[in-house]
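Visitor: The structure is given below, and queries will be raised subsequently.
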Amino acid sequence: MNGNQAAALAVKLSRVQVVCAYPITPQTSLVENIAEMWATGTFPGEYISVESEYSALSYLVGAAYAGARTFTATSCQGLAYMHELLHWAGGARLPIVMVNVNRTLGAPWSLEPDQRDSLSQRDTGWIQLYCCDVQEIMDTVLLSFRLVEEAKIPCMVVYDGFSLSHTYEVVELPLQEQADLFLSPPPQEALFHPSRPQTIQPVTDYRYMARVIQAGHRAMLQVPAALEEINRSFAGIFGRDYPLAEKTGPENAETIFVAAGAVAQTVKSFLPLLDGGVEKNGLLRLRLFKPLPEEEIVSFLSRESIKSLVVIDRNLSMGTGGIFAQEIRALLQGTSFQGEIFELNLAGGIDLTLELLRKSMEKIGASPAGDEKIIWGVDL
């Protein structure tokens, strides 16, 4: 099955009670699959069609306040349209799961997989998990419902448009009995009801607001430990394990590639074909991005053998550089890391080929000290 089909099936297996979404390419077939299951009676939850992405997340904010297990999906401009509501859901710490299928933000219009849509929402108070294959999409959506209900923080499951959303791969399907064993039943009683009127999120002063923000920050810092525990439980039931950050390569690797999403899987397959092969090259795949698992990343990247990091970004913060590269540079400040950090920028959805990766390594090898550390994929 393809990535969108896998995500839709995971929503059904999770016994979601309310799905509200608005279609946008390349997410459309995901919600079409859920709508079809609902129409044929195989999805027992409610499926609600609305007129926009803004309304879709607004609806789920209310449903989550009522105690329902909720899900939505979007992409690109649709996620940007939700921006205000992302803050409301994040600030209220509502247990909503959303899939975002990466696509380049306009202008101009494009259908390529660029990560700026999800990464531009990194400060809205949502967990972000990046998937590299179809099996991981299915498992991560299922896993995320347990995470949001334990952490009380909404979660965005992110994967590449077309290269994962519409690409077919062999998938091991979870059984409903396994999903029920892993994930507790959704609440049976509404937390909010007209018979019990309440004031929700009233206007407050700076002192209370500061405490809410502080509490959200501290809760977000607990997510890596919570996710590790949930991963162990998931592995015990399904036999598949997902680390916070996947590490590939020998202990004495000299070059480490850092990437997230489908491009990380591409790099992993190319490692044996590069100069030095897997003897000199390694990979750090960022799975949990928000919040970054700092201890795991720093311990892996602070080894003396590492001469260079090559951060592969399918995104760009204009005037600064790739967003993953920014985060890695900030994280390694003050550590024992002594190598150089380069950035291979594929903003706009540039496809990573073996030839392009080799050309980028040649350019890095010829780069004098102090030279620009961004290698533009479009120029190779």
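The values are calculated or read from the model by the stated rules, or taken from the named source; none is laboratory data. No experiment lies behind these values; they were computed from the predicted model shown. Every residue, glycine as well, gets a Cβ built from its backbone with ideal geometry; the counts of neighbours run over all protein chains shown.
Results for (1) more than 16 Å from the chain's Cα centre (by Cα); (2) closer than 30 Å to VAL171 by Cβ, shown as yes or no for each residue.
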residue	(1), (2)
PRO224	no, yes
ALA235	yes, yes
LYS247	yes, yes
LEU271	yes, yes
LEU292	no, yes
LEU309	yes, no
ASN315	no, yes
THR335	yes, no
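Visitor: If ARG240 satisfies all but one of (1) in contact with a Phe, Trp or Tyr (Cβ under 8 Å, 6 or more places away or on another chain); (2) surrounded by fewer than 20 Cβ atoms within 10 Å (Cβ to Cβ); (3) farther than 30 Å from GLU150 by Cβ, what's the number of the condition it fails?
Guide: The single condition ARG240 does not satisfy is (3).
Visitor: Right, here's the next one. Please pick out the residue among GLY90, GLY62, GLY125 that is free of Cβ contacts under 8 Å to residues at least 60 places away in the same chain and either on the phi > 0 side of the Ramachandran plot or assigned to a helix (DSSP H, G or I) (or both). It would help to see each step written out before you state the result.
Guide: On the way: GLY90 fails: free of Cβ contacts under 8 Å to residues at least 60 places away in the same chain; GLY125 fails: free of Cβ contacts under 8 Å to residues at least 60 places away in the same chain.
Exactly one residue qualifies, and that residue is GLY62.
Visitor: While we're on this one: Residues in segment 169-176: is at least one in a helix (DSSP H, G or I) and either over 16 Å from the mean Cα position of the chain (by Cα) or assigned by TED's automatic domain parsing to the domain that holds GLY348 (or both)?
Guide: Scanning segment 169-176, I find at least one residue that is in a helix (DSSP H, G or I) and either over 16 Å from the mean Cα position of the chain (by Cα) or assigned by TED's automatic domain parsing to the domain that holds GLY348 (or both), so the answer is yes.
Visitor: Let me ask another. Quick check on my filter: what residues within segment 233-251 are assigned to a loop (DSSP other than H, G, I, E, B) and closer than 30 Å to LYS280 by Cβ?
Guide: Listed by number, the residues that qualify are ARG240, ASP241, TYR242, PRO243, LEU244, GLY249, PRO250, GLU251.
Visitor: If we keep just the residues of segment 295-325 that are among the small types (Gly, Ala, Ser) and in a helix (DSSP H, G or I), which is farthest from SER360 (Cα to Cα)? Give the derivation first.
Guide: Taking segment 295-325 as the starting set, the residues that turn out to be among the small types (Gly, Ala, Ser) are 299, 302, 305, 308, 317, 319, 321-322, 325.
Still in the running and in a helix (DSSP H, G or I): 299, 325.
Details: SER299: 26, ALA325: 16 Å.
My answer is SER299.
Visitor: Hey, another quick one. Considering only segment 145-181, state which residues are among the hydroxyl-bearing types (Ser, Thr, Tyr) and surrounded by 23 or more Cβ atoms within 10 Å (Cβ to Cβ).
Guide: TYR159, SER165
Visitor: Could you list, in sequence order, the residues of segment 89-127 that are under 16 Å from ASN315 (Cβ atoms), of a type in the set (Gly, Ala, Ser) and buried (at least 18 other Cβ atoms within 10 Å of the Cβ)?
Guide: SER118
Visitor: Looking at (1) in the same structural domain as THR28 (by TED's automatic domain parsing); (2) farther than 30 Å from ASN4 by Cβ, find the lone condition where SER163 falls short.
Guide: (2)
Visitor: Of all residues in segment 337-355, count the ones that are farther than 22 Å from ASN252 by Cβ, under 27 Å from the mean Cα position of the chain (by Cα) and surrounded by fewer than 18 Cβ atoms within 10 Å (Cβ to Cβ).
Guide: Here the count works out to 4.
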